[in-house]
Amino acid sequence: MGSHHHHHHATAEHDGSGMAELLDLDAEVLHAHLTEVTDRIAELTADSPPRTILDLGSGTGTGVLTLLRRFGDAEGIALDQDEHMLHRLADRARALGLGHRVRTVQADLDTTWPSVGTVDLVWASASMHHMADPARVLADVRAALRPGGLLAVLEMDSLPMPRFLPDDVGVGRPGLEARCHALMAEMRADHMPLLGSDWGAPLADAGFAVEAGRNFAIDLRPPLPAAT
């Protein structure tokens, strides 16, 4: 994992804005699913809506900012290891008039759990599969959650692999894109062995009771909106 993280930090400077843009586009495309998940969270917390929300691996802030708009009395903590993302998130929050309700915390959860105090709701969207030791992080999450608090884990079965090229591009041997995909899949298996895991067991092991589970099939078909 070490070399991967060094690579990540080395590229974060010039790669950050591309990744941030991708995350924002993702959010636009998956907006309907996000709304459905936040509706479910609102139902599950109807008796006592969350006052403090922690977004683990907040990226550009889609999760925490959506939740802050949904829960008008809540404060948010956005936690990420990428400073560029956190700056972008803070700008977005200010633009939405939510600047005073969210604070950013830069931390690498593979090394340390930052002192964020007690929280009511933890949101982890596509961040758990990046953790070197998810069991430890889940134990830390549970310790930070007030009794009866809620953890929402959103994970992908696999990363989307859109296809752009014909099988035979007219040069070299056919199947160039398929070979690129195979190579990407190999790299991912190496860097993110937990992608596509079933999170039920690790959650139960960490002492969580699974209140609700939901699979979303994301099937985008033409004519596609611009963001897609």
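The values are calculated or read from the model by the stated rules, or taken from the named source; none is laboratory data. From a predicted model like this one, the values you see are computed outputs, not experimental measurements. FYI the Cβ positions are ideal-geometry reconstructions off the backbone, even for glycines, and counts take in every protein chain you see. Side chains included, ligands, DNA and RNA excluded: accessible areas come from the protein's heavy atoms. Shrake-Rupley method; radii C 1.70, N 1.55, O 1.52, S 1.80 Å.
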note = Among (1) assigned to a helix (DSSP H, G or I); (2) without any contact (Cβ under 8 Å) to a residue 40 or more places away in the chain; (3) surrounded by fewer than 22 Cβ atoms within 10 Å (Cβ to Cβ), Leu65 falls short only on (3)
task = Please identify the pairs in which a residue from segment 187-211 that is assigned to a helix (DSSP H, G or I) and among the charged types (D, E, K, R) has its Cβ atom under 7 Å from the Cβ atom of a residue that is at pLDDT 80 or above and open to solvent by less than 90 Å² (accessible area, probe 1.4 Å), counting only partners at least 6 apart or on another chain.
result = Asp205/Ala135
query = What is the residue count in segment 25-49 for residues that are open to solvent by less than 40 Å² (accessible area, probe 1.4 Å) and either under 15 Å from Ala78 (Cα atoms) or part of a helix (DSSP H, G or I) (or both)?
reply = 6
Residues that are free of Cβ contacts under 8 Å to residues at least 40 places away in the same chain and in a loop (DSSP other than H, G, I, E, B), drawn from segment 82-107 = Leu96, Gly97, Leu98, Ala107
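Collect the residues in segment 130-186 that are of a type in the set (D, E, K, R), closer than 22 Å to Asp80 by Cβ and modelled with pLDDT under 85, keeping them in residue-number order. Step through it out loud before you land on a result.
Our first condition is that a residue be of a type in the set (D, E, K, R); within segment 130-186, this holds for 133, 136, 140, 142, 146, 155, 157, 163, 167-168, 173, 177, 179, 186.
Now drop any that are not closer than 22 Å to Asp80 by Cβ, which leaves 133, 136, 140, 142, 155.
If the condition is that a residue be of a type in the set (D, E, K, R), closer than 22 Å to Asp80 by Cβ and modelled with pLDDT under 85, then Glu155 is the only one that fits.
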key: Restricting segment 68-96 to residues that are within 21 Å of Asp24 (Cβ to Cβ), open to solvent by 70 Å² or more (accessible area, probe 1.4 Å) and among the acidic types (Asp, Glu), the residue that is farthest from the chain's Cα centre (by Cα)   = Asp91
inquiry  = Residues that are surrounded by 15 or more Cβ atoms within 10 Å (Cβ to Cβ) and assigned to a helix (DSSP H, G or I): does segment 143-156 have at least one?
reply    = yes
message = Can you pull out every residue in segment 108-139 that is assigned to a strand (DSSP E or B) and over 20 Å from Leu34 (Cα atoms)?
response = Val119
message = surrounded by fewer than 21 Cβ atoms within 10 Å (Cβ to Cβ), in contact with a Gly (Cβ under 9 Å, 6 or more places away or on another chain) and within 23 Å of Leu30 (Cβ to Cβ): is that true of Ala126 in this structure?
response = yes
